[in-house]
Every structure is written in structure tokens, then in C-alpha cells.
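Structure first, commentary second.
The values are calculated or read from the model by the stated rules, or taken from the named source; none is laboratory data. Remember, predicted model here, so these are calculated numbers, not experimental data. With ideal geometry, Cβ positions are generated from the backbone for all residues, glycine too; neighbour counts draw on all protein chains shown. Note: accessible area is taken over every heavy atom of the protein model, side chains too, but ligands, DNA and RNA are not part of it. Shrake-Rupley method; radii C 1.70, N 1.55, O 1.52, S 1.80 Å.
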Amino acid sequence: MLAVPGDLPLPEADIDLRVRRGTPGFHLTNLALFSAGFSTFALIYCVQPLMPVFSQEFGITPAQSSLALSATTGLLAFAMLIASSLSEIVGRKPVMIVSLLASSLLMMACTFVESWHQLVILRALAGITFSGLPAVAMAYVGEEIHPESVGLAMGLYIGGSGLGGLGGRTIVGIITDFVSWRTGLFAVGLVGVACALILWQTLPASRHFKRAAPSFRALAGSFAGHLRDGRQRALLLQGFLLLGSFVCVYNYTGYRLMKAPFSLSQGTVSLIFGVYIVGIFSSAYIGDLGSRLGRGPVLCGSMALMLGGILLTLVPTLPVIIAGMAILTFGFFGAHSVASSWVGANARHAKAQASSLYLFAYYLGSSTIGTLGGVFWLHGEWPGVVALLASLLLIGLMVAAWLAWQGRAGQPARGV
């Protein structure tokens with residue numbers, strides 16, 4: 001079978017040549033990937049606060065309105081498996097740049113749709129174009145950054161994603177209040193184009209990437225090898241539960257806060273989504289903490305924070321709801337930072353495929369649980385949504401505990 005990047009352990013000399021924290025290369029890499037993470041999450045999640053607007057304008061249910069996001073993340077989940085493999089052949093940086101630029105142009109095209117179905121189709125196509133960035137960026141970090149600095153680098157990338165999620169929602173929400181949702185989406189598309197240019201100009205060329213010749217058998221073997229690893233399977237399940245639960249909260253919070261007794265405006269709800277900013281700090285801080293104290297215990301603590309945060313939102317008082325969302329957001333970004341870096345560290349070969357499998361589960365959880373939450377909202381409103389998410393997060397906490405036990409006991413992962 002054809003070898004792919006990462007099949008053999010790297011010699012110590014090669015590891016020593018990787019980029020370390022505090023160096024100019026580290027700063028340039030993080031600027032580029034921070035910009036990429038920012039624009040990717042802004043482009044993907046800027047439609048989230050618009051779901052009540054879509055329901056009114058197009059006459060659709062909350063579950064149908066969630067397709068503006070779920071269609072994107074659903075196609076993204078599957079397309080990443082192909083894009084990550086493509087990056088093993090043509091290189092990391094070209095795939096990331098083309099992906100971000102094409103996604104930005106599709107977002108700008110969404111502003112000219114005349115029907116709901118046209119919007120969903122364009123958002124689904126964007127899911128395909130987005131696929132060339134998340135898993136490939138994770139693989140780039142795993143290849144180019146020194147192991148001692150990977151946790152911080154991944155945390156900063158995910159922090160950029162958090163800021164992008166906040167920025168996209170805020171830009172669209174405020175512009176929608178004063179102009180229109182179409183103008184808001186166009187503005188986010190322009191931001192994406194600008195970030196694609198930053199990525200092109202500042203991301204250092206790969207120094208440790210080893211190009212693979214096209215081979216379906218080799219790529220299929222890489223995926224199969226990762227799926228035989230019990231620890232990797234647990235991390236895939238964790239990714240599914242993490243983003244699915246997180247997205248579901250933000251999908252239906254708008255519906256809750258725009259109706260009585262809160263009756264908030266679109267712009268105000270978007271500003272409340274500003275609690276997203278805590279993710280910028282938690283991803284870098286907890287990601288680095290996981291590298292120093294052990295990923296297992298830190299992941300368990302992050303999942304417990306998410307569970308406590310979602311339960312706190314049951315209190316029908318706006319400050320307490322916001323506090324609950326902030327706690328859940330802090331826990332989510334920390335858990336994702338730890339889990340995503342764990343995937344690359346645990347992978348023995350083909351790190352891009354390992355990352356893409358994790359993100360496949362991650363975004364599949366977003367589309368599946370994000371839409372399922374609409375059914376629970378329809379029949380039980382917010383208490384129904386919380387019942388669904390508390391159950392899922394409890395499962396996630398048990399998975400994290402199993403992973404922590406595996407790490408502490410030194411259990412073999414494969415075949416578990």
C-alpha cells in the first residue's frame with residue numbers, strides 16, 4: 001500500500017525543525033490560521049441569528065429554517081473526507097486558499113436568491129467548498145508546529161473560529177436591523193475574501209508535508225486504520241456530540257428570546273451572542289492546559305461545564321440565561337480544542353484523514369442535532385431542547401471519562 005504523510009515516526013531532527021511558540025514563523029502561521037478560522041466560522045454561522053427572519057420571510061418552520069445551516073454542515077461533513085485526501089496530493093496551502101475564496105463568493109451569491117430553495121442550494125454548495133479548510137488546517141498544524149506548541153496553536157486557530165462565529169452573527173444581525181439580511185450576508189462574504197488574501201500572503205509554505213501519489217487503496221486504508229482505533233472512535237463520537245449540542249443551543253435561542261416575555265430585537269439577540277467571545281480565551285487557554293495537565297481530565301472538566309451551562313439556561317431570567325450560554329460556550333471551545341488536538345496526536349499516520357474523520361463527525365452532529373432540536377422546540381419549546389441536549393452532554397461526559405481512564409491506565413487504543 002502506498003505510504004501517505006505521517007506513516008513513519010518522524011526523526012528527532014525533523015521534530016526539532018518544526019515551528020515553536022515565540023518565533024516569527026509561529027506568529028505568521030497563527031495570523032494566517034486565525035484569519036482562516038475567523039472567516040470560516042463567520043461564513044458558516046452568520047445565518048444562525050437569521051433563522052427567525054427566514055421563518056417569517058419564506059413562511060417556513062424553525063426546523064426547515066435550520067436547513068440554512070444544516071445543509072452547509074451536512075455536505076461539509078462528507079466533502080471533507082475527499083478534500084483532506086486531495087490535500088495529501090496537491091498540498092495543504094493551495095487547498096485552503098481555494099476553499100476559502102470559493103466559499104466567500106458563494107456567500108455573496110446568496111444575497112441574490114429569490115426563493116428559499118435557492119438559498120438552501122447555495123448554502124449546500126458552500127458546504128462542499130468549505131471542506132478544504134478545517135481538516136486541512138488541523139493537518140497543517142500537526143505537521144508544521146512543534147509538538148510542545150501544538151496545543152497553543154490549535155487553541156489560537158479555534159479562538160479565531162470563535163471570534164468569527166461572533167463576528168459573523170453580529171455583523172449580519174446589526175445590518176439586518178438597519179438595512180436587510182441580504183446586505184448582511186454580502187458584507188460577511190467580503191470579509192471572507194479579505195481573509196483569503198491574508199491566508200495567501202502570510203501562511204508559510206509547508207516544510208514537512210510529504211506529497212502522496214493518487215491511490216484510492218492507500219487513502220481507504222488510511223481511513224480504515226483510524227476507524228480501527230478505539231480511542232479515535234471515541235473522539236469521533238465526542239466531536240459529534242460537541243458541535244451538535246452547541247449549534248442546537250444557538251439555533252433556537254433566537255426563537256426563545258425574540259418571543260414574549262423577552263421580545264428582543266434581531267440586533268439585540270445578535271449582541272447577546274457576543275458570549276461567543278469567551279471561546280477565544282478558553283480555546284487557547286484550555287488547549288494549552290490540556291497539553292500540560294493531561295487531555296483526559298481537562299476534557300472531562302470542559303464537558304461538565306457545558307452540561308452545567310445548558311441546565312442554567314432553564315432559569316427564565318435574561319442575565320442567568322446569558323451566564324448559562326457563556327459557561328456552555330467556554331466549555332465547548334475548550335473541549336473542542338482538546339479533542340481536536342488529541343485526534344492528531346493519537347494518529348499514527350495520515351493526519352489529514354484523521355482530522356477529517358473527526359470533523360466529519362463534528363459537522364454531522366451539527367446538521368443532525370441542530371435540526372432535531374427544531375422538533376423538540378416545536379413540541380416542548382426550550383425545556384424540550386434542554387432535555388435533548390442535557391442527555392447528549394451526559395453521554396459526552398461519560399465518553400470523556402472513558403478517554404481519561406484510557407490515558408491514565410495506558411490502555412491500548414486499537415481494537416477497543
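Express the C-alpha Rg of the chain as a ratio against the empirical globular expectation 2.2 N^0.38 Å, rounded to two decimals.
Working: Rg = 20.2 Å, N = 416, 2.2 N^0.38 = 21.8 Å.
Relative to the rule-of-thumb radius for its length, the chain sits at 0.93.
Could you tell me how many cubic angstrom of Cα convex hull volume the stretch 34-117 has per residue? Walk me through the numbers before you get to the answer.
Details: hull volume 8.3 nm³, N = 84.
Value for the stretch 34-117: 99 Å³ per residue.
Please compute the Kirkwood hydrodynamic radius over the stretch 142-197, one decimal place, Å, based on all pairs of different Cα atoms.
Details: mean 1/r = 0.0770 Å⁻¹.
Evaluated over the stretch 142-197, this radius sits at 13.0 Å.
Using a 1.4 angstrom probe on the protein heavy atoms only, could you order Arg233, Arg256, Arg292 from most to least accessible area?
Working: Arg233 95, Arg256 30, Arg292 145 Å².
Highest to lowest solvent-accessible surface, that is Arg292, Arg233, Arg256.
Based solely on its DSSP helices, what 222 nm [θ] is calculated for the chain when runs of n ≥ 4 H residues each add -39,500 (n - 2.57) and the sum is averaged over all residues, nearest 500 deg cm²/dmol?
Numbers: 17 runs with 330 residues, N = 416.
So the helix-based figure for the chain works out to -27000 deg cm²/dmol.
Could you give the length gained on full extension between Thr202 and Met398, defined as 0.36 nm per residue of separation minus the Cα-Cα distance, in nm? Present the calculation step by step, with values, prior to reporting the outcome.
Details: separation 196, 0.36 × 196 = 70.56 nm, distance 4.08 nm.
Computed gain between Thr202 and Met398 is 66.5 nm.
Enter the accessible area of Ile395 (Å², nearest 10), with the probe set to 1.4 Å and all protein chains included.
Accessible area, nearest 10 Å²: 70 Å².
Just to verify a number: what accessible area does Thr73 come out at with the full protein assembly present, 1.4 Å probe, Å² rounded to tens?
Counting only protein heavy atoms, Thr73 exposes about 0 Å² to solvent.
For Cys248, Cys300, give me the order by solvent-accessible area with a 1.4 Å probe, most accessible first, ignoring ligands, DNA and RNA. Intermediate results must be reported in sequence, preceding the final value.
Numbers: Cys248 0, Cys300 30 Å².
Most to least solvent-accessible, the answer reads Cys300, Cys248.
Ordering Phe376, Phe78 from largest to smallest accessible area (1.4 angstrom probe), what's the sequence? Show your work: numbers first, answer last.
Working: Phe376 75, Phe78 120 Å².
Largest accessible area first, the list is Phe78, Phe376.
Which value, in debye to the nearest 20, describes the size of the charge dipole of the chain about its Cα centre when Lys and Arg Cβ atoms bear +1, Asp and Glu Cβ atoms bear -1, and nothing else is charged? Write out the running numbers ahead of the final one.
Working: 23 positive and 14 negative charges, 120 e Å.
So the magnitude is around 580 debye.
Rounded to the nearest 10 Å², what accessible area does His27 show when all protein chains are kept and the probe is 1.4 Å?
For His27, the solvent-accessible surface is approximately 110 Å².
Restricting things to alpha carbons, find the Rg to Rh ratio for the stretch 61-212 using the Kirkwood radius for Rh. Before the final figure, lay out each step's value.
Working: Rg = 16.5 Å, Rh = 16.5 Å.
Ratio value, two decimals: 1.00.
Which one, Ala126, Ala220, Ala304, has the greatest fluctuation when you compute a Gaussian network model over the chain with C-alpha springs under 10 angstrom?
Among Ala126, Ala220, Ala304, the largest GNM mean-square fluctuation belongs to Ala220.
Taking every eigenvalue of the Cα gyration tensor of the stretch 245-329, multiplying by 5 and rooting it, what semi-axes result, largest first, whole Å? All intermediate terms of the calculation are to be shown ahead of the outcome.
Numbers: eigenvalues 156, 34, 16 Å².
After scaling each eigenvalue by five and taking roots: 28, 13, 9 Å.
Strictly greater than 18 Å: what percent of every Cα pair in the stretch 171-310 meets that?
Counting pairs separated by more than 18 Å, the tail of P(r) holds 76 percent.
Would you mind calculating the gained length between Arg228 and Leu28 on full extension (0.36 nm times residue separation, minus the Cα-Cα distance), in nm to one decimal?
Details: separation 200, 0.36 × 200 = 72.00 nm, distance 3.62 nm.
Contour length minus the Cα-Cα distance gives 68.4 nm.
Find the Cα radius of gyration of the stretch 277-321, compare it with 2.2 N^0.38 Å by division, and give the number to two decimals.
Details: Rg = 12.9 Å, N = 45, 2.2 N^0.38 = 9.3 Å.
Compactness ratio reported: 1.38.
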